[in-house]
Amino acid sequence: MKNKLILLLGLGILMLMTSCPDTKTYSQELKEEENLIADWLTRNNIVVLDEFPEDSVFAENEMYLYDNGLYFQLLSKGEGDTLRNGDTFILRYSQSTLDENPIVEDYLTTQDRPYPTEITYGSLTNSCEGWQTAFEAMKRGESRAKIIVPSQIGRNQSVVTPYFYELRIRKIPK
């Protein structure tokens, strides 16, 4: 009887050990994400700025790091009036992963996506915290920027994956 109990207990422990998947903790996934971003910045020779340029002019290889983790580079200041909360604008963008062989989704032209995404400035509907932070710095219609959005301020926070975006906004006249 005692041998059978020991055998059953041993089988139970063996089953537990083999049935538990080798999963990563959330903190391990966040660390991997941090390393992936750092690797991408290194591969692309990006200099991370501590201060936002006063004139909003970035060199080709510069990005500013916001406190919330967003990396930002303004490509074009844009034109027209400054965006205000509640203003609606059209967003065209491309999205890619940061791996060495990125997966790219391109929505920059009507050929890629006939209908652009409509965004309301200050609203997270069709948007995310990372994009809204970028829109604050973009300020005007016809503005363009490149950003890296970590998962915690991204569109799909249930997956720990950072994305690189090129954003183009066009203000919709009232």
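The values are calculated or read from the model by the stated rules, or taken from the named source; none is laboratory data. Everything numeric here is computed off the predicted structure, so don't read it as measured data. Heads up, the Cβs are rebuilt from the backbone with ideal geometry, glycines too, and the neighbour counts pull from every protein chain shown. Quick note on the areas: whole protein, heavy atoms, side chains included, nothing else; ligands and nucleic acids left out. Shrake-Rupley method; radii C 1.70, N 1.55, O 1.52, S 1.80 Å.
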Which of the strands (runs of 3 or more DSSP E) contained wholly in the range 83-146 include at least 3 residues that are more than 21 Å from Leu36 (Cβ to Cβ) and open to solvent by less than 60 Å² (accessible area, probe 1.4 Å)?
88-96, 117-120
Please go through the range 33-43 and pick out each residue that is surrounded by fewer than 13 Cβ atoms within 10 Å (Cβ to Cβ) and more than 23 Å from Cys128 (Cα to Cα).
Thr42, Arg43
Residues satisfying the stated conditions in the range 147-174, i.e. open to solvent by 60 Å² or more (accessible area, probe 1.4 Å) and basic (Lys, Arg):
Arg155, Arg168, Arg170, Lys174
If you scan the range 72-82, which residues turn out to be assigned to a strand (DSSP E or B) and either under 16 Å from Pro116 (Cβ atoms) or among the charged types (D, E, K, R) (or both)?
Glu79, Asp81
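Kindly establish whether Gly69 is in contact (Cβ under 8 Å) with a residue 60 or more places away in the chain, touching a Gly at 6+ places or on another chain (Cβ under 9 Å) and in a loop (DSSP other than H, G, I, E, B). Lay out the reasoning, then the answer.
Working: in contact (Cβ under 8 Å) with a residue 60 or more places away in the chain: yes; touching a Gly at 6+ places or on another chain (Cβ under 9 Å): yes; in a loop (DSSP other than H, G, I, E, B): yes.
Answer is yes for this residue.
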For the range 65-78, which positions are open to solvent by less than 40 Å² (accessible area, probe 1.4 Å) and modelled with pLDDT of 95 or more?
Gly69, Leu70, Tyr71, Phe72, Gln73, Leu74
